[in-house]
Amino acid sequence: MEKHWVLKPQGDPETVKRIAGELNIDRYLATLLVQRGIRSYGEAKSFFRPKIDDLHDPFLMKDMDKAIERISRALHNGEKILVYGDYDVDGTTAVSLVYLFFRNYSGRIDYYIPDRYTEGYGISIRSIDFAAEQGFSLVIALDCGIKAVEKIQYANSKGIDFIICDHHRPGNELPEAYAVLDPKRNDCTYPYKELSGCGIGFKLIQAYGLKTGIPFDELRIYLDLVAVSIASDIVDMTGENRILAYFGLSLINSNPRPGIEAILQYGGIERNSSKGGLFFNKELTITDLVFLIGPRINAAGRIENGRNSVRLLISDNLEEARTIGRQIDLYNTERKNLDTLATQQALEMINEDASLRNARSTVIFHPDWHKGVIGIVASRLTETYYRPTIVLTQANGLITGSARSVKDFDVYDAIDSCSDLLEHFGGHKFAAGLSLKPEKLELFRKRFEETVAERLKGIELKPEIEVDVELPLSVINSKFYNIMKQFSPFGPGNMPPMFRTDGVIDAEGSRVVGKNHLKLNIAHPEIPGGPFAGIAFQQGEHIWKIEKKIPFNICYHLEENEWNGNKSLQLNVKDIRFD
């Protein structure tokens, strides 16, 4: 699908010039900083060197004082505490963090992860009954619960107090829990709204630490879990999230917990035999957390039960972690096979149905698709057709689905407009989950399509590449890259810079490698610099023009490539265009 290239605003020229002078950097790097809201030397210093001291006071969060009072009372009285969380990465990291921390202060604490297939998302009746039967009087619910109004009423009737720690958007009514921690509450003035569910869990233990005089260094050891959740849940990499991810990533690189080390080993990342300061043979980035750690932690909840992910993350024994990690890696292999098959079937269904092909949205249903992979399938269909997408399957008498969206379209609001047809829904602007009765499927499909069509009236949906700056090849060198690298960790709100360079040509040696990938060797005929190596995945169809020395334009990320111990700069080309 053809992509639309959009150049971002370049910032006030005088501000760019001043920042360049104050930091002794070129105007291209200064532009990147200004685009990220940095206007002074001090702001740049804080950006390049995140500080723990810049985290907000957790007691600024609505109900935090009530939550800490209730936990303190439970610990003092020896009450049984249950830590509850969703079965995905964010939920299981949050449960691991809060359970590990409070286990230091109580011998009467346990954790509970609901079964995706028999209990579904969020707080379940079965879990409340379990808590009542086992004598748990306090439940700390993480990454879920903000819309569990009826479930909390049921828990209250059983004499069980809930502390809800969620980051999803609330409904019109908040549950009557003992405390509800969610920065997205309308009445919560907490300065940062984009924390992950595990991030909310960290603010909870930070508050307890402040209240009881626990040194922050005793909390710092949990930041690796927060970093994994931030990366995998695709929350904004700004503000507090960037600080938490920065220190969490540093911890993973220098002293990973056994569970994370085991996952990385199954992902092909080995221990570093030298003493170069890093624990592994390469410096891990947020991308590694997203693609190596996240899917494996998720796989346990998708294929079997997320409790296995918690067992892995709380393990303090590497051999035990490797045993659990091996099973989770097998789950991940099974998950990949299932989502590949379901994606192929979905693409065939759309290709064979003109009404599906020509719709403004995709709502597709197959009763035999595995519930654990429909979110992944929805993401793949969105990449292919670039429109709001819902993938549905059937489980326990209900149709259940996952939704994914595209830039500037709020799929949560679109689903909300159909809420009278649903049994349950929740999520974010770009991703949501829902369930409905089978007899409501066709009406929902029709209503959702009408809603999307109306809101996208006159708008052509086309994937965009947002270009940060237009960059001459002559600017690219190791100094430029090393400064740019300090912009990390990258993620939404602070994505890796996208560059555009026009009029490049083959400098001899460009070729197709692997499965239709381009291995490039390029230069600019009129500007010194280069040649530069590049890789363009799945773009081998351009090779015949490139070999003829036809000039072309590229959008790319700048990255470091390592091969046989040698490092070199490489252009990761995302799109190619010939004038």
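Take segment 402-415 and flag every residue that is surrounded by fewer than 18 Cβ atoms within 10 Å (Cβ to Cβ) and either among the acidic types (D, E) or closer than 14 Å to R445 by Cβ (or both). Give the derivation first.
Our first condition is that a residue be surrounded by fewer than 18 Cβ atoms within 10 Å (Cβ to Cβ); within segment 402-415, this holds for 407-408, 410, 413.
D408, D410, D413, listed by residue number.
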Next on the checklist: Here's a check for you: in segment 482-504, which residue that is among the polar types (S, T, N, Q) and open to solvent by 20 Å² or more (accessible area, probe 1.4 Å) is farthest from V235 (Cα to Cα)?
Outcome noted: N482
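Please work out which residue is least open to solvent (accessible area, probe 1.4 Å), limiting yourself to segment 265-313 and to residues that are assigned to a helix (DSSP H, G or I) and in contact with a strand residue (DSSP E or B) (Cβ under 7 Å, 6 or more places away or on another chain). Give the derivation first.
Let us first name the residues in segment 265-313 that are assigned to a helix (DSSP H, G or I), namely 265-266, 286-303, 307-313.
Next, only the ones that are in contact with a strand residue (DSSP E or B) (Cβ under 7 Å, 6 or more places away or on another chain) stay: 286, 310.
Values: I286: 16, V310: 0 Å².
Here the residue is V310.
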Item to check | Those residues of segment 80-90 which are modelled with pLDDT of 95 or more and open to solvent by 30 Å² or more (accessible area, probe 1.4 Å), in sequence order | outcome: K80
Next on the checklist: So, I200, is that one in contact (Cβ under 8 Å) with a residue 12 or more places away in the chain and among the β-branched types (V, I, T) or not?
Outcome noted: yes
Item to check | Filter result for the condition that a residue is among the charged types (D, E, K, R), open to solvent by 60 Å² or more (accessible area, probe 1.4 Å) and either in contact with a Cys (Cβ under 9 Å, 6 or more places away or on another chain) or closer than 30 Å to D143 by Cβ (or both), over K457, K440 | outcome: K440
Checklist outcome for this item: Subset of segment 342-370, residues surrounded by fewer than 18 Cβ atoms within 10 Å (Cβ to Cβ) and not hydrophobic (A, V, I, L, M, F, W, C), comes to Q344, Q345, E348, N351, E352, D353, S355, R357, N358, H366, P367, D368
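Might you check whether a residue that is under 25 Å from I71 (Cβ atoms), assigned to a helix (DSSP H, G or I), touching a Phe, Trp or Tyr at 6+ places or on another chain (Cβ under 9 Å) and open to solvent by 10 Å² or more (accessible area, probe 1.4 Å) occurs anywhere in segment 236-245? So that I can check it myself, show each step before the final result.
Here is the first cut: in segment 236-245, the residues under 25 Å from I71 (Cβ atoms) are 240-241, 243-244.
Among the residues that remain, those that are also assigned to a helix (DSSP H, G or I) are: 240-241, 243-244.
Filter again for touching a Phe, Trp or Tyr at 6+ places or on another chain (Cβ under 9 Å), leaving 240-241, 244.
Pick out the ones that are also open to solvent by 10 Å² or more (accessible area, probe 1.4 Å) and you get none.
The answer is no, given that none of the residues of segment 236-245 is under 25 Å from I71 (Cβ atoms), assigned to a helix (DSSP H, G or I), touching a Phe, Trp or Tyr at 6+ places or on another chain (Cβ under 9 Å) and open to solvent by 10 Å² or more (accessible area, probe 1.4 Å).
For S510, indicate whether it is over 16 Å from L32 (Cβ atoms), in contact with a Gly (Cβ under 9 Å, 6 or more places away or on another chain), of a type in the set (S, T, N, Q) and open to solvent by less than 40 Å² (accessible area, probe 1.4 Å). Explain how you work it out, then say what you get.
On the way: over 16 Å from L32 (Cβ atoms): yes; in contact with a Gly (Cβ under 9 Å, 6 or more places away or on another chain): yes; of a type in the set (S, T, N, Q): yes; open to solvent by less than 40 Å² (accessible area, probe 1.4 Å): yes.
Yes, satisfied.
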Item to check | Residues (open to solvent by less than 10 Å² (accessible area, probe 1.4 Å), aliphatic (A, V, I, L, M) and free of Cβ contacts under 8 Å to residues at least 40 places away in the same chain) located in segment 203-226 | outcome: L223
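Which of the strands (runs of 3 or more DSSP E) found entirely inside segment 91-183 contain at least 3 residues meeting this: charged (D, E, K, R) and either surrounded by fewer than 24 Cβ atoms within 10 Å (Cβ to Cβ) or on the phi < 0 side of the Ramachandran plot (or both)? Lay out the reasoning, then the answer.
Numbers: elements: 109-112, 136-142, 161-165, 179-181.
Passing ranges: none, list empty.
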Item to check | Selection within segment 192-208 - assigned to a helix (DSSP H, G or I) and farther than 15 Å from F247 by Cβ | outcome: G197, I200, G201, L204, A207, Y208
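The values are calculated or read from the model by the stated rules, or taken from the named source; none is laboratory data. Values in this document were obtained by computation on a predicted structure and should not be read as measured data. For neighbour counting, all protein chains shown are included, and Cβ atoms are generated from backbone atoms with ideal geometry for every residue, glycine included. Heavy atoms of the whole protein, side chains included, go into the accessibility calculation; ligands, DNA and RNA do not. Shrake-Rupley method; radii C 1.70, N 1.55, O 1.52, S 1.80 Å.
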